[in-house]
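Everything below concerns the one structure shown next.
The values are calculated or read from the model by the stated rules, or taken from the named source; none is laboratory data. Note that the structure is predicted; figures quoted are calculated from it, not measured. Heads up, the Cβs are rebuilt from the backbone with ideal geometry, glycines too, and the neighbour counts pull from every protein chain shown.
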Amino acid sequence: MKLRLFLPLSGMLVLILSITSLFATAQEKVCSSMTFTEAAEPLYPPIALAAHVEGPVFLKVSFLSDGRPSEIAVVKGRDFLRSSALTYVRGWHANVDAPTRVCIVELDYRRQNEKKSLPRALRISSTHVLINAPQMLIEP
């Protein structure tokens with residue numbers, strides 16, 4: 001006698017979503033424990049400054065086991081900021097203690113409205129960087 005296991009369609013969907021969620025959580029933990037070295041400072045595109053464009057750019061970045069980014073894709077972000085974000089992250093090198101992984105990276109471009117000068121790049125977390133415009137380029 002054969003024993004047949006039958007899961008209704010909704011049960012299969014729940015199972016698939018659960019497995020996907022576990023994978024995403026595992027990737028998130030790996031990404032949050034990563035450290036990076038950067039080849040260069042990020043640039044705030046002059047055209048974005050002139051157009052008063054700011055905001056986040058989200059990138060999906062695949063890192064090889066040796067730490068190099070292999071694939072980078074823009075998930076969401078303003079057109080004037082995308083090229084700068086891609087160029088900046090291409091120069092990252094992640095620690096090699098982690099396996100091949102895919103991370104969502106947020107680069108948050110902000111114009112400075114304060115009198116004090118902020119650093120060009122301020123790392124909020126391993127996958128979140130605040131990129132400040134040079135103060136001298138901002139109109140009063």
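The residue pairs whose first member lies in region 43-55 and is farther than 18 Å from residue 75 by Cβ and touching a residue at least 12 places away in the same chain (Cβ under 8 Å), whose second member is surrounded by 16 or more Cβ atoms within 10 Å (Cβ to Cβ) and aliphatic (A, V, I, L, M), and whose beta carbons are closer than 6 Å, counting only pairs six or more residues apart or on different chains, are 44/133; 48/81; 49/133. On the stretch given as region 32-68, residues that are outside any strand (DSSP E or B) and surrounded by 14 or more Cβ atoms within 10 Å (Cβ to Cβ) total 11.
Residue-wise test of (1) at pLDDT below 80; (2) under 14 Å from residue 107 (Cα atoms).
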position	(1), (2)
16	yes, no
35	yes, no
52	no, no
72	no, yes
83	no, yes
93	no, no
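Take residue 68 and decide whether it is within 13 Å of residue 107 (Cα to Cα), touching a strand residue (DSSP E or B) at 6+ places or on another chain (Cβ under 7 Å) and in contact (Cβ under 8 Å) with a residue 12 or more places away in the chain. Working first, answer last.
On the way: within 13 Å of residue 107 (Cα to Cα): no; touching a strand residue (DSSP E or B) at 6+ places or on another chain (Cβ under 7 Å): yes; in contact (Cβ under 8 Å) with a residue 12 or more places away in the chain: yes.
No: the conditions fail for residue 68.
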